[in-house]
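What follows is one structure encoded as structure tokens, with my remarks underneath.
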There are 2 protein chains.
Amino acid sequence: MKKRIIKKIDTSKRNFLTGSATLAGVAAATSVLPISIAKANHEDSDPKGLPDFIKWKNREALIVHSKKGIEAHRSAIGESIITPIRNVYIRNNMPTMTDAQIGDRNKWKLSVEGVKKPKTFTLAQLKKLGQTTIATVLQCSGNGRGFFEHGPKGSQWRTGAASCILWTGVPVKKIVSACGGIASGAKYMTCTGVDAPKDLDPKKATVERSVPLLVYKESILAWEMNGVPLPNAHGGPLRSVPPGYFGINNVKHLGKLAFTETESDVKYMKTSYRISPIGKKGPEYPSCWEMPVKSWIVRPTDETGVVKSGKVQIAGVAMGGTKKISNVRVSIDGGTWKKAKFVGPYLGKYAWRQFVFEANLAPGSHNLASKATAGGDSQPELRYENRRGYAHNGWKDHSVNVEVV
Amino acid sequence: MKKRIIKKIDTSKRNFLTGSATLAGVAAATSVLPISIAKANHEDSDPKGLPDFIKWKNREALIVHSKKGIEAHRSAIGESIITPIRNVYIRNNMPTMTDAQIGDRNKWKLSVEGVKKPKTFTLAQLKKLGQTTIATVLQCSGNGRGFFEHGPKGSQWRTGAASCILWTGVPVKKIVSACGGIASGAKYMTCTGVDAPKDLDPKKATVERSVPLLVYKESILAWEMNGVPLPNAHGGPLRSVPPGYFGINNVKHLGKLAFTETESDVKYMKTSYRISPIGKKGPEYPSCWEMPVKSWIVRPTDETGVVKSGKVQIAGVAMGGTKKISNVRVSIDGGTWKKAKFVGPYLGKYAWRQFVFEANLAPGSHNLASKATAGGDSQPELRYENRRGYAHNGWKDHSVNVEVV
């Protein structure tokens, strides 16, 4: 495991500040990190403020890698399944569209192609076609990149470019049926964002992603996220949600839904987001599509302060991509595995599942690891080395060392 | 139905403002109401600002009845099951405790009595005993009081003193087992808040609530709400959550958990929150305990702007109290009932369930009503008239009139 220097601070004192009586309460009410850790981050490793377009997020919960790459601290995704919206990571390829660019949200347009009767719908019209809610894991393809040692380019995420979200929108199959069905020969569902600045080459700047056709049956186009209208920063007013697929396939500022015979030929489909060996690249390598089974512990960690010996609740999250999680095992000694217990409601196979493992920890150093299984696949011990550091689900890198006193 | 004057405004223009680029974005990002409606409320019926202790809430989503009674607009509970925390109603009997009064949250104390080995736990110790997450409806006993016509005292809530919340905390049965079991003779679980100001008569000011003993098996003591540490305004750092029971039984700022032979004799148990006929009061009437089956439509309503004729998705929420919702029926003509469809994940019987009913609405006036059934009980047509306007679950008052153009 790559070492990361975090100040060890006694957070038994004033661990959480919430709901104070002033405007500072806005931030405080949803702060999830020990203030001292947050301060340490501000002062040391992470001095950057939030960019203007996400000033409403919870600064103390987040690590700012760049203006377009902001992840949640490991302990900041919450322990109640759904990630608080102010703690949800940001990864933008293009600048977030502004209210002025978006205009009247109900008049936002979506064109539908590759169907028997191509049509253009306004958002208001889409809302009349159908409505449902699904819970999915939204995770950047490069989440875990920070553990790779060959120095892949991109945000050095560890665990925090991931979240579990409740989305509300229209099932794609309702749109298909309003358009007379899918045109023959289609093999992909291809979604196009309209956020590419006009002065850039559309082939390089358009975020257009194709996924295998049948994914449409489970997909929705969402206008609401965790109970609020989809914020611009997360692709408002409309975003595609192909459940179980990496974040890049959840196209923001969605302007076109098409059923196509071939994959899109824009850069973001053809060459970017390809899982290739180190030193190699090209469209022949697998695209970042389905997320592999993965899990990690969120508490205790080096962020959550001193751990006292005795009974400890080790909590984490486990996700199966497009498959249902069947079990999670936890090790407190880097070797012996024991089954953890699932807790909380089951939100469907596309959501992550909370697990808790009750351990008796003696004083000293402990390596805490988790390993999930879904659809017969278990997390491997090691990462799959690849050029851009994508799709990391090795359990070893994701383990945490804690000092028990 | 009591009439309520709301300006009819064409909200097809700029219905939602989200994620703007400035600090105003904090509010905007989770705004769920047409701005014009929100302005109308500010100017006309609801000119009050948010009190300091909840300045972090979403003003535009809320109706301020008083400094201690704030409800969500009918369309502001979100359509993704879980209510956004900034839109969750506030009902305080005692002032919210401040950070200074609470002190170090991990050292917060809970005494446990009426068990074989009475003990006092710190919050840090409770976190070591166990952890789970449950989704429950949190609803004020008087939600719907605004529909009563005899003028019961209290906040004139209509639908918005209710929410669906994900709580994380320790199961009470884990505490019981750490204390050697419940003492013999106990018939109630009695929870005590420590928020009563010292200069008031404790019998009158202490929020202490007893519920039937067996409720403990499903109850938790929560330190997290929707993924964030429990805000002071919602009873932080620790609150009891007896699922399916009215809000008052979810005791804030919890200092004592006791298993008792008799119900508490404080005012808030003995005489307040009793469902008595108009003109009568006293401890002989039923307490506000289990919530009855209930439902209401959240969209379309008179808040959500012009409804155009044709296919419309009618959406709402249905709750069964302690019983699982079996079905919801919708009427668009004040008489004929048809089954609505449940959508979204099932979060357990204590959460509310989203429903959607697809209707073809012709131009003209329509009365939209919903009627839920749980455990064999269906919502009655009319409210049960009672002195303080508690436990209203009649479907007629909760229906909405919409004008279709």
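Throughout, read-outs are computed from the coordinates displayed, never taken from laboratory work. This one's a predicted model, so the numbers in the text were calculated from it and none came from an experiment. In this analysis, Cβ positions are derived from the backbone assuming ideal geometry, glycine residues included, and neighbour counts consider all displayed protein chains.
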Comparing A:GLY305, A:GLY321, A:GLY227 in a Gaussian network model of chain A (Cα, 10 Å), the one with the largest mean-square fluctuation is A:GLY227
Of the listed links A:LYS128/A:LYS324; A:LYS203/A:LYS281; A:LYS119/B:LYS308, those spanning more than 22 angstrom between alpha carbons are A:LYS128/A:LYS324
Check A:SER326: other-chain or 5+ apart residues with amide H under 5 Å from its amide H, H built from backbone geometry? A:THR373, A:ALA374, A:GLY375
Likely footprinting exposure, A:VAL328, A:VAL306, A:VAL404, fewest C-beta neighbours within 10 Å first: A:VAL306, A:VAL404, A:VAL328
Could you please report the charge total around A:GLY321, scoring K, R as +1 and D, E as -1 over all other residues with beta-carbon less than 14 angstrom from its beta-carbon? +2
Sequence-distant lysines (8 or more away, or on other chains) whose Cα lies within less than 22 Å of A:LYS67: A:LYS39, A:LYS48, A:LYS55, A:LYS57, A:LYS153, A:LYS198, A:LYS204, A:LYS252, A:LYS267
Using alpha-carbon pairs under 8 Å, 6+ residues apart, how would you state the relative contact order of chain A in percent? 16 percent
For B:GLN379, what residues show an amide H to amide H distance below 5 Å, using hydrogens built from the backbone and excluding near sequence neighbours? B:ALA372
Show the residues, 5+ positions off or on another chain, whose built amide H is closer than 5 Å to the amide H of B:ALA72. B:ILE63, B:TYR89, B:GLY160, B:ALA161, B:ALA162
Calculated from backbone phi, Karplus (6.51, -1.76, 1.60) coupling profile of the range A:204-212 in Hz, x at Gly/Pro: 9, 9, 6, 8, 10, 10, 9, 10, x
Over 25 Å between Cα atoms, which of B:LYS107/B:LYS174; B:LYS294/B:LYS338; A:LYS294/A:LYS349; A:LYS270/A:LYS349; A:LYS311/B:LYS116 qualify? A:LYS270/A:LYS349
Gaussian network model of chain A, Cα springs within a sub-10 Å range: biggest mean-square fluctuation belongs to which of A:GLN139, A:GLN379, A:GLN313? A:GLN313
Of the residues A:ASN393, A:ASN367, A:ASN58, which exhibits the maximal mean-square fluctuation in a Gaussian network model of chain A defined by a 10 Å Cα contact cut-off? A:ASN367
Rounded to whole Hz, the Karplus (6.51, -1.76, 1.60) HN-Hα couplings of the range A:82-98, x for glycine and proline: 7, 6, x, 4, 6, 10, 6, 4, 10, 9, 10, 7, 10, x, 4, 5, 8
Per residue of chain B, what 222 nm ellipticity follows from adding -39500 (n - 2.57) for every DSSP H run with n ≥ 4, rounded to the nearest 500? -2000 deg cm²/dmol
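Let me check I've understood the local charge: for B:VAL176, count other residues with C-beta under 14 angstrom from its C-beta, Lys and Arg +1, Asp and Glu -1. What total comes out?
Here the charged neighbours net out to +4.
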With one decimal in nm and the nearest listed first, the spacings from A:LEU200 to its own position in the other copies, using label points 7 Å along Cα-to-Cβ, are 5.7
Which of B:VAL404, B:LEU347, B:ALA391, positive extreme of dipole for the range B:294-404 (C-beta unit charges): B:LEU347
If you find the alpha carbon centre of the range A:330-405 and of the range A:124-179, how far apart are they in angstrom? 22 Å
HN-Hα couplings for the range A:298-312 via Karplus (6.51, -1.76, 1.60; θ = phi - 60°), in whole Hz with x for Gly/Pro, come out as 9, 7, x, 9, 5, 8, 9, x, 4, 9, 8, 5, x, 5, 9
Env charge @ B:ALA369, Cβ radius under 10 Å, K,R +1 / D,E -1, value 0
So for the range B:294-404, using the alpha carbon gyration tensor with a ≥ b ≥ c as root eigenvalues (a/c under 1.5 gives rounded; past that, a/b versus b/c decides prolate or oblate), I'd call it oblate
